[in-house]
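The values are calculated or read from the model by the stated rules, or taken from the named source; none is laboratory data. Keep in mind it's a predicted model, so treat the numbers as computed, not measured. When we count neighbours, we look across all protein chains shown, and the Cβ atoms used for this are built from the backbone with ideal geometry, even at glycine. In case anyone asks, the SASA skips ligands and DNA or RNA and just uses the protein heavy atoms, side chains included. Shrake-Rupley method; radii C 1.70, N 1.55, O 1.52, S 1.80 Å.
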Amino acid sequence: MPAVWTPDSWRQKPIVQVPEYRDAAALEEVERNLRNFPPLVFIREVVELKESLAGVARGESFLLQGGDCAESFREHKTDYIRDYFQLFLQMALVLTFRGNTQVVKVGRVAGQFAKPRSSPVEKQGGKELPSYRGDIINGPEFTEEARIPDPRRQLQAYRQSAATLNFLRALIDGGYASLDNAHRWELNFMEGSPVEARYRELADEIRRTVEINRLLGITAENSLEMRSTRFYTSHEALLLSYEQALARKDEAMGSGQWVATSGHFIWIGDRTRQPDGAHVEFCRGVVNPIGLKCGPSLDPDELLRLIDILNPANEAGRLTLIARFGAGKIAKHLPALIRKVKAAGRTVVWQCDPMHGNTITAGTGYKTRPFEDVVSEVEQFFTIHRAEGTHPGGVHLEMTGQNVTECTGGAAQISEADLARQYDTGCDPRLNAAQSLEIAFRLAEKLKG
Ligand code: PEP
Ligand code: CO
C-alpha cells in the first residue's frame, strides 16, 4: 500500500536538480501568490487529452509533441509564438495528409522553463559559476549575479505562460488553425529548399479538400473540425514548489482529484525519475497525463516499478514513455523495455525523443545535433516497434519556427561552420522550421509504410 499522497508529500522524498533559494521569505511570498492565481488549464481539457492519448496507446493516432528546449523571457514575442504554432500545424497536416493518421497535438510551450543540468557548474575561461537552470530559476548571463536563483522569476514564468497560452487559444478560437486558412501560412523560412515544393503540393491538396468539403456542405462556418483544432501544452515538472503551488483540487467537475494546472501534460526527466524520489512522488498524485523519459540507464525492472507507481490502474493515456537513447543506442535498449511492458500487460504510449541522446559538441564548441542522427533514431524507433508488434505512438522534438542554425544537416545542409550564424538557443540545439517540416515528411512516410 503506497503512503498517502498530498500535494506536498514530495517534500519528504530525496530530491535532485532543484535550486537552493537563499531568500526563504521571498520564496514563501511567491508561493502564496501562485496559490491564489488562476489555473492555466482546466480539468476537463486535461481529461480530454488523456482520452486522446488513450487512442494513441490503442494505435489509432499519433502524438506530435514539440517546442523549445527552454522558453526564454527574452524571446517572448508575438512572431515567435505564431511562427512556432504555424509550423506545428503544418507538421500536423503533413502527418495527416501524407501519413494518413490523426494527430494529437501537444506543444512544449507555455510553461517549459526549468532545466535539469548534467553539471551543477559551468566553466568559461578560467571562471566557474553555477549552471543556468532555465529562466524560471536563474539568468543565462554568465555573471555571479544572474546565476543566483531568484524565486520571483516564477511569477514571470507564470505570467508568460498565461500570455502565451492566451494567444494560442485566441489564434485557435479566431480561426487561424482553420483548414481553409492553411494556404495562407507563409513559408518564407525555407525559400528554395526542396521541402518547400513538397509543402506547396500538399497545400494545393488541402485547398482541394476544403473545396470538396464545401461542395458537400461542410465549411469552416458550420464544422468545428474544419474551423478549429485541439492543442495542448506540456513541460517538464522539474520545479516542484511551482508545480505544487499550481496544483488544484477539482471541485468544478466534482471529481475531487488533484490537477497540475501549470499545463495539460507534464513529464519527468531522465535525471529525476528515481522511483523513490520527489518528482515521481509529485506526479503520481495528479490526474494529468504524465510522460516519463527513458534513457540508457533505465533497466526494464525499474521501468515496471515506475509504471506501477505512476499508473497503478493501468489506465490508457495516463502514461507516455519517452524513449531517448540516441541513434547508436536505441537498438540495444528499446526492445527489452518494450518486451517487459508488453509481457506485463501494461498500456502505454510509446514516444520517441530523438533529440536528447544525439547531442554532440562541434569542433567549433557549439552543442549540436546532426539531422541524420535525429532521423535515424526515429526510423529505428519505427522499425523496432513494427518488429515487436507495438505502436510507434509519437515523437517529441525540440524545434522552433525560426530560421536558426543549431542542428547540422537537413536539406539546407547546415555545416558546423554555419552554426555561429544564428545560434539562439539558451539550452539545447533545436531543429529549425525547414528541418522540422522535413522530419514531418520523413515521419509521414514511415507512418504510411
Ligand atoms: C528535455 O526534454 O529538455 C530534457 C532535459 O530531457 P531529458 O530529461 O530526456 O534529458
Ligand atoms: Co533539451
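Please go through the range 139-161 and give me each residue that is aromatic (Phe, Trp, Tyr) and buried (at least 20 other Cβ atoms within 10 Å of the Cβ), ordered by number.
First pass over the range 139-161, keeping only residues aromatic (Phe, Trp, Tyr): 142, 158.
Answer for the range 139-161, where residues must be aromatic (Phe, Trp, Tyr) and buried (at least 20 other Cβ atoms within 10 Å of the Cβ): just Tyr158.
Being open to solvent by 10 Å² or more (accessible area, probe 1.4 Å), at pLDDT 95 or above, of a type in the set (Val, Ile, Thr) and in contact with a helix residue (DSSP H, G or I) (Cβ under 6 Å, 6 or more places away or on another chain): is that true of Ile136 here?
Numbers: open to solvent by 10 Å² or more (accessible area, probe 1.4 Å): no; at pLDDT 95 or above: yes; of a type in the set (Val, Ile, Thr): yes; in contact with a helix residue (DSSP H, G or I) (Cβ under 6 Å, 6 or more places away or on another chain): yes.
In short, no.
Hey, does the range 64-79 have a residue that's open to solvent by 20 Å² or more (accessible area, probe 1.4 Å) and assigned to a helix (DSSP H, G or I)?
There is at least one residue in the range 64-79 that is open to solvent by 20 Å² or more (accessible area, probe 1.4 Å) and assigned to a helix (DSSP H, G or I).
Right, Gly357: assigned to a loop (DSSP other than H, G, I, E, B) and in contact with a Lys or Arg (Cβ under 8 Å, 6 or more places away or on another chain) or not?
Values: assigned to a loop (DSSP other than H, G, I, E, B): yes; in contact with a Lys or Arg (Cβ under 8 Å, 6 or more places away or on another chain): yes.
Spelling it out, Gly357 is indeed assigned to a loop (DSSP other than H, G, I, E, B) and in contact with a Lys or Arg (Cβ under 8 Å, 6 or more places away or on another chain).
Could you check, for the range 298-307, whether at least one of its residues is within 16 Å of ligand 1 (Cβ to nearest atom), among the charged types (D, E, K, R) and out of contact with any Phe, Trp or Tyr (no Cβ under 7 Å at 6 or more places or on another chain)?
Yes, because at least one residue in the range 298-307 is within 16 Å of ligand 1 (Cβ to nearest atom), among the charged types (D, E, K, R) and out of contact with any Phe, Trp or Tyr (no Cβ under 7 Å at 6 or more places or on another chain).
Where residues in the range 413-428 are in contact (Cβ under 8 Å) with a residue 40 or more places away in the chain and not aliphatic (A, V, I, L, M), which of them is nearest to ligand 2 (Cβ to nearest atom)?
Asp428
So His391 clears everything in (1) over 20 Å from Thr96 (Cα atoms); (2) assigned to a loop (DSSP other than H, G, I, E, B) except one condition, right? Which one?
Just one mismatch for His391, condition (1).
Based on what the data block shows, is Asn403 away from ligand 1 (no atom under 16 Å from the Cβ), within 15 Å of Glu75 (Cβ to Cβ) and surrounded by 19 or more Cβ atoms within 10 Å (Cβ to Cβ)?
Answer is no for this residue.
For Phe265, work out the one condition from (1) open to solvent by 10 Å² or more (accessible area, probe 1.4 Å); (2) in contact (Cβ under 8 Å) with a residue 60 or more places away in the chain; (3) within 19 Å of the chain's Cα centre (by Cα) it doesn't fulfil.
Failing condition for Phe265: (1).
Quick one: which residue in Ser223, Ser193, Ser234, Ser228 is at pLDDT 95 or above and among the hydroxyl-bearing types (Ser, Thr, Tyr)?
Ser234
Taking the range 159-217 only, how many residues are assigned to a helix (DSSP H, G or I), within 23 Å of Arg227 (Cβ to Cβ) and either aromatic (Phe, Trp, Tyr) or over 22 Å from the mean Cα position of the chain (by Cα) (or both)?
23
For the structure I just gave you, tell me whether Val375 is within 16 Å of ligand 2 (Cβ to nearest atom), closer than 30 Å to Ala343 by Cα and either in a helix (DSSP H, G or I) or among the β-branched types (Val, Ile, Thr) (or both).
It is false that Val375 is within 16 Å of ligand 2 (Cβ to nearest atom), closer than 30 Å to Ala343 by Cα and either in a helix (DSSP H, G or I) or among the β-branched types (Val, Ile, Thr) (or both).
Could you go through the range 34-41 and let me know if any residue there is aromatic (Phe, Trp, Tyr), in contact (Cβ under 8 Å) with a residue 12 or more places away in the chain and surrounded by 15 or more Cβ atoms within 10 Å (Cβ to Cβ).
The answer is no; no qualifying residue exists.
Listed residues Gly389, Gly363, Gly357, Gly410; which is open to solvent by 10 Å² or more (accessible area, probe 1.4 Å) and within 16 Å of ligand 2 (Cβ to nearest atom)?
None of the others qualify; the one that does is Gly357.
Between residues in the range 273-289 that are farther than 15 Å from Ser9 by Cβ and residues that are part of a helix (DSSP H, G or I), which pairs lie under 6 Å by C-beta distance while being six or more apart or on different chains?
Taking only residues 6 or more apart or on different chains, the pairs are Asn288/Val46; Pro289/Leu49; Pro289/Lys50; Pro289/Leu53.
Are any residues in the range 271-304 outside any strand (DSSP E or B), within 16 Å of ligand 2 (Cβ to nearest atom) and crowded, with 20+ Cβ neighbours inside 10 Å, and if so, which ones?
Listed by number, the residues that qualify are Thr272, Arg273.
Inside the range 291-303, can you point out the residues that are touching a Leu at 6+ places or on another chain (Cβ under 7 Å) and in contact (Cβ under 8 Å) with a residue 40 or more places away in the chain?
Cys294, Pro300
Filter the range 410-449 for residues that are among the hydroxyl-bearing types (Ser, Thr, Tyr) and in a loop (DSSP other than H, G, I, E, B); which is farthest from ligand 1 (Cβ to nearest atom)?
Ser415
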